[in-house]
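To keep things clear, I will list the structure first and then write my remarks on it.
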Ligand SMILES: N[C@@H](CCC(=O)N[C@@H](CS)C(=O)NCC(=O)O)C(=O)O
């Protein structure tokens, strides 16, 4: 098995962190997305959407989409459970994972792409849209701060994929100069806690 990824890309970091939590060794193959290597035919054959990360299985087939790759490894190696346990536990983590993905990870990414024009060779950046997405980020960070006033981790008392997605989004938000406010003490406490996990360095 190997994973095609880009070391600086936030979705790639989500998968690396997930695998590090499960202590699963992996071969990583770097794809230069800035240079457009992912747009070439070789990568398109692996994933028609042209995005990274992509997991190559030993039988030569491919799985893309970050959460799908994580789900595959959760099935292969259920411990520690990062997608939850039991009907309610799994649903609550999925709820938070999706909330974080749609309200933090995506707006950070859209703000980055549309304001900086990083991918202007392959898309038309719309600065006003990027700025609008950027405005949504602090609103959700305030909601996360409120949630973390009542729980150690985002989806409750156990570390989960929701924490991984949030950490990768929040750290990447540095590139658009968005940080938690000093008054968001619960969010800051959580950020320090999850950043201290060895997997955060993966
Ligand atoms: N829905 C995909 C999104 C993957 C994605 O957007 N990857 C980015 C890097 S974080 C990428 O490949 N960007 C290159 C491009 O847009 O050309 C997933 O969850 O894996």
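Values quoted throughout were computed directly from the atomic coordinates according to the rules given, and no laboratory measurement underlies them. Quick caveat: nothing in here was measured; it's all calculated off a predicted structure. Reconstructed Cβ throughout: ideal geometry from the backbone, glycine too, with neighbour counts over all protein chains shown.
If you take the Cα Rg of the stretch 2-111 and divide it by 2.2 N^0.38 Å, with N the number of residues, what do you get?
On the way: Rg = 14.6 Å, N = 110, 2.2 N^0.38 = 13.1 Å.
Ratio of Cα Rg to 2.2 N^0.38 Å: 1.11.
Taking the chain as a Gaussian network, Cα atoms linked when under 10 Å apart, which of 58, 145, 32 shows the biggest mean-square fluctuation?
Most flexible of the set in this elastic network: 58.
Most exposed first by the Cβ proxy, i.e. fewest other Cβ within 10 Å, how do 178, 52 rank?
Numbers: 178 19, 52 24.
Lowest count first: 178, 52.
Using only alpha carbon pairs under 8 Å that are at least six residues apart, calculate the relative contact order of the chain and give it in whole percent. Intermediate values should be presented prior to the final figure.
Values: 271 pairs, mean separation 43.8, N = 202.
Computed value for the chain: 22 percent relative contact order.
What ranking of 121, 59 emerges when the number of other C-beta atoms within 10 Å of each C-beta is taken as an exposure proxy, fewest first?
Numbers: 121 10, 59 6.
Ordered by Cβ neighbours within 10 Å, fewest first: 59, 121.
Please report the equivalent ellipsoid semi-axes of the stretch 1-67, computed as sqrt(5 x eigenvalue) of the Cα gyration tensor, largest first, in whole Å. Mind dumping the intermediate values first?
Working: eigenvalues 70, 40, 17 Å².
Semi-axes from the Cα gyration tensor: 19, 14, 9 Å.
Would you work out the relative contact order for the stretch 86-201, in percent, from Cα pairs under 8 angstrom that are 6 or more residues apart? The partial results should precede the final answer.
Values: 123 pairs, mean separation 33.6, N = 116.
Relative contact order for the stretch 86-201 comes out at 29 percent.
Counting only DSSP beta bridges with both residues in the chain, tell me the antiparallel percent, nearest 5.
Values: 7 of 11 bridges.
For the chain, the DSSP antiparallel bridge percentage is about 65.
Can you tell me the convex hull volume per residue for the chain, based on C-alpha atoms, in Å³ to the nearest whole number? Write out the running numbers ahead of the final one.
Working: hull volume 23.4 nm³, N = 202.
Convex hull volume per residue, Cα atoms: 116 Å³.
How large is the helix-only mean residue ellipticity at 222 nm for the chain, computed as the sum of -39500 (n - 2.57) over DSSP H runs with n ≥ 4, divided by its residue count, in deg cm²/dmol to the nearest 500? List each step's numbers first, then the result.
Details: 8 runs with 100 residues, N = 202.
Result for the chain, helices only: -15500 deg cm²/dmol.
Determine the relative contact order of the stretch 2-76: mean sequence separation of Cα pairs under 8 Å and six or more apart, normalised by residue count, in whole percent. Intermediate values should be presented prior to the final figure.
Working: 94 pairs, mean separation 26.4, N = 75.
Rounded, it is 35 percent for the stretch 2-76.
What is the P(r) of the stretch 86-201, as percent of Cα-Cα pairs per 10 Å bin from 0?
Computed distribution, short to long bins: 14, 44, 30, 12, 1.
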